[in-house]
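Worksheet: one structure, shown below.
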Amino acid sequence: MPQLSVQLNRLKLANPILVASGTFGYAREMAAFVDFKQLGGIIPKTLTAAPRIGNPPPRTVEASSGLLNSIGLDNDGIDAFLAKTLDYLLGLETAIIVNIAGRNTEEFVQIAAKVGQHKQVAGLELNISCPNVSGGVDFGTDPRLAAEVVSQVRNACDLPVIAKLTPNVTSVVEIAQAAAEAGADAVSLVNTFQGMAIDWRRRKPILGNVIGGLSGPAIKPLALRIVWQVAQAVNVPIIGIGGIQSIDDVMEFLIAGATAVQIGTANFYNPGLAPQLVNELTEILTEQNCQSVGDIVGTLQIPAR
């Protein structure tokens, strides 16, 4: 049997199939569909320092081969999460990576310090890339700010740190390089692409926040390109995200240079997909005579020109 475990610097996962923040709730919602211990890890919904009510509705709208959302980080806040939800998650026999967001560096540090007191948590994913809230995306569009957040969070707690980056920049490579140099154990590529939907008959935007983030199969070619570009230029493990809905999609991201992947929008219409992909990954690695996931990571062959 091939070895499915993967290492992202200080973060070790039993397998490379994770579920993405914002698409899996706090796991309780998925208990009827998923054997959690089969997953490489769960990344719960983004947490902020104080509770947030999120953006005005409508918050989601289907697009061609994708989903636009403008949830706006609706959550009960870090304190409520630690008091009411974390113990449940830590009992699920899989890695729990807590996703956090702050309005400024100080808030990131404060939240990280609180989560860092819980040593069973596998890691932190820093949401410096949400396109649906004012302020937060700025960290992910400026290499200096991205590095500052990563560096200060690392100093505030001992947990592995993942920087979740936005594609809505000229060069994701520069941001990934800054995060890596500041001490990120890995980068998640990518968050959603900014987009909008219009009701032309009413001459109005459909989303209450006007602009939302596009996810799903429509963004997969773009996400693959970014993963490959970063893998070529930056020495940092990559978690690939963007339109993954089959084992072929998983393999494409791994071969492009990702060490692990996150299943996002597909969880909404196929909540049992992630554990299915773990089983299919074992089968396909066996077929390919691979001893481990690492045997295929970054093996894309570019023809000579």
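Here are a few things to note about the model shown:
- The slack in the chain from Asp35 to Asn279, taken as 0.36 nm per residue of separation less the alpha-carbon distance, amounts to 86.6 nm.
- Cα radius of gyration and Dmax for segment 115-196 (Å): 12.4, 40
- For segment 187-300, share of DSSP beta bridges that run antiparallel, in % to the nearest 5: 50 percent
- ³J(HN,Hα), Karplus 6.51/-1.76/1.60, whole Hz, each residue of segment 277-294, x for Gly, Pro: 5, 4, 5, 5, 5, 4, 5, 6, 5, 5, 4, 8, 6, 8, 8, 7, 4, x
- Compactness of segment 148-226 is given as radius of gyration and Dmax, 16.4, 54 Å, from Cα positions.
- Amide H contacts of Ile263 (H built 1.01 Å from N, in plane; Pro and chain starts excluded): Leu18, Val19, Ala20 sit under 5 Å, all sequence-distant by 5 or more or on other chains.
- Sequentially through segment 243-258, phi angles give Karplus couplings (6.51, -1.76, 1.60; θ = phi - 60°) of x, 6, 9, 8, 5, 4, 4, 4, 4, 4, 5, 5, 5, 6, x, 7 Hz, Gly and Pro residues having no value and appearing as x.
- In this structure Lys114 has an accessible area near 80 Å², from a 1.4 Å probe over the protein heavy atoms.
- Residue-by-residue Karplus 3J(HN,Hα) for segment 26-39, coefficients 6.51, -1.76, 1.60, Hz, glycine and proline x: 10, 6, 3, 5, 9, 4, 6, 10, 10, 8, 4, 5, 7, 7
- Pairwise label distance in nanometres, Gln301 with Met196, each label 7 Å out on the Cα-Cβ vector: 4.7 nm
- Once the chain from Tyr88 to Cys290 is taken as fully extended at 0.36 nm per residue, the excess over their C-alpha distance is 69.2 nm.
- Of Lys164/Lys204; Lys84/Lys204; Lys84/Lys220; Lys37/Lys164, those spanning more than 28 Å from alpha-carbon to alpha-carbon: Lys164/Lys204; Lys84/Lys204; Lys84/Lys220
- Within the chain, longest stretch free of exposed chymotrypsin sites (Phe, Trp or Tyr not before Pro) [DSSP loop, at most 15 other beta carbons within 10 Å]: 34-199
- Residue among Ala197, Ala184, Phe139 farthest towards the positive dipole end of segment 138-207, charges placed on Cβ: Ala197
- Prolate/oblate/rounded label for the chain (Cα gyration tensor, a/c 1.5): rounded
- Cβ-derived FRET efficiency at R0 41 Å, Ala50 paired with Tyr269, nearest 0.05: 0.80
- Across the options Val297, Leu277, Asn267, the greatest Cα extent toward the positive end of the charge dipole of segment 245-305 (unit charges at beta carbon of Lys, Arg, Asp, Glu) belongs to Val297.
- Cleavage-rule hits, trypsin sites (Lys or Arg not before Pro), segment 188-260, DSSP coil, Cβ neighbours within 10 Å at most 16: Arg201, Arg202, Arg203
- Think of each Lys and Arg Cβ as +1 and each Asp and Glu Cβ as -1; about the Cα centre, that makes the dipole of the chain roughly 700 debye.
- Spin-label pair Gln120/Glu62, simplified geometry with 7 Å Cα→Cβ offset, distance in nm: 4.0 nm
- Gyration tensor (alpha-carbon) shape descriptor, segment 1-42, a/c threshold 1.5: oblate
- Gain on full extension, evaluated as 0.36 nm per residue between Asp248 and Thr105 minus their Cα-Cα distance, stands at 47.7 nm.
- Counting only protein heavy atoms and a 1.4 Å probe, segment 53-117 has 46 square angstrom of accessible area per residue.
- 5 Å-binned pair-distance histogram of segment 56-128 (Cα, whole percent): 3, 13, 21, 20, 15, 14, 10, 4, 0
- Each DSSP beta bridge with both residues in the chain is either parallel or antiparallel, and the antiparallel ones are about 40%.
- Charge dipole (the chain, unit charges on Cβ, about Cα centre) - positive-most of Val236, Asn104, Leu11: Asn104
- Prolate/oblate/rounded call for segment 212-305, Cα gyration tensor, a/c under 1.5 rounded: oblate
- In this label model, Asp158 and Glu181 are separated by 2.9 nm, measuring between points 7 Å along each Cα→Cβ vector.
The values are calculated or read from the model by the stated rules, or taken from the named source; none is laboratory data. Just so it is clear, the structure is predicted and the values come from calculations on it, not from any experiment. Reconstructed Cβ throughout: ideal geometry from the backbone, glycine too, with neighbour counts over all protein chains shown. Side chains included, ligands, DNA and RNA excluded: accessible areas come from the protein's heavy atoms. Shrake-Rupley method; radii C 1.70, N 1.55, O 1.52, S 1.80 Å.
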